[in-house]
Amino acid sequence: PVYKFMLAGRYVVVVSTPMTVQGAFNMPAKTFGSLEERAFNQVVGLTNRLPEINNLLHRTTFNAIANGLTGPKMMHCTTPMSKHLFSTLQALAKPSEEITLPLVDYVVPNMHRACFFGLMGNSTIPDTAADLHMMDSGAYYLLSNAPSFARESIKSRSRLVSALTAYVQEILESRNVEGASPIISDLIHQLRDDNYSVDESARILLFVFWG
């Protein structure tokens, strides 16, 4: 009489009889769990303060991202993104060569790199496209408590966390990375002000990019 399925990135709990509905109202909310908190823990590897992190992201971060990606505010992201994509296209548009690429293999990594460049700026962080794709490919197994099927995803996550940890430290030490979006730099400083460690901040940042 009770089952759960995923819809648009969230779990929907279906209660199918009047008696079960009444019983569900008497259950604590945590019985049904939170997809975000499970993803914090099982996908990006956070272990502490999960409800607090969930509340922080919904209260501040997601609103800041939504506000920062509207109207003229988007220019600080879209301009470098467009330049990055254009330079990639130019590199492939040599008239003397013929190139055949699967559309998905071309679009997905290059859009990721352009978005990453537009948000993170001109940082020394290495290319993360392949690792983010690999981590995402194993997310189902991580959320299903089957990490043995996601060993490569876990390795990719470790590399991503290491790269983002260096980036967080770079932002906190210099307070400025050329071309970095205020959305990201403000989030990192907000996390520091709320006493999150550099490792926690890197994993939260990874969740933002992955989610």
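For the range 42-51, what are the residues that are part of a helix (DSSP H, G or I) and either modelled with pLDDT of 85 or more or touching a Pro at 6+ places or on another chain (Cβ under 6 Å) (or both)? If the condition is that a residue be part of a helix (DSSP H, G or I) and either modelled with pLDDT of 85 or more or touching a Pro at 6+ places or on another chain (Cβ under 6 Å) (or both), then Gln42 is the only one that fits. With respect to the conditions (1) in a helix (DSSP H, G or I); (2) open to solvent by 10 Å² or more (accessible area, probe 1.4 Å), Val168 falls short on a single one, namely (2). When Gly121 is tested against (1) open to solvent by less than 60 Å² (accessible area, probe 1.4 Å); (2) without any contact (Cβ under 8 Å) to a residue 60 or more places away in the chain; (3) farther than 16 Å from Trp210 by Cα, only condition (2) is not met. Scanning the range 148-160 for residues that are more than 21 Å from Asp199 (Cα to Cα) and open to solvent by 40 Å² or more (accessible area, probe 1.4 Å) yields Ser148, Phe149. Looking across the range 171-198, just one residue is touching a residue at least 40 places away in the same chain (Cβ under 8 Å), small (Gly, Ala, Ser) and surrounded by fewer than 19 Cβ atoms within 10 Å (Cβ to Cβ), and that is Gly179.
Considering the conditions (1) assigned to a helix (DSSP H, G or I); (2) under 17 Å from the mean Cα position of the chain (by Cα); (3) under 25 Å from Ala114 (Cα atoms); (4) at pLDDT below 90, Ala180 is excluded by exactly one of them, (1). Being under 20 Å from Ala39 (Cβ atoms) and charged (D, E, K, R) is a property that holds for Asp136.
The values are calculated or read from the model by the stated rules, or taken from the named source; none is laboratory data. Just so it is clear, the structure is predicted and the values come from calculations on it, not from any experiment. In this analysis, Cβ positions are derived from the backbone assuming ideal geometry, glycine residues included, and neighbour counts consider all displayed protein chains. When the accessible area is computed, the model is the full protein with side chains, heavy atoms only, and any ligands, DNA or RNA have been set aside. Shrake-Rupley method; radii C 1.70, N 1.55, O 1.52, S 1.80 Å.
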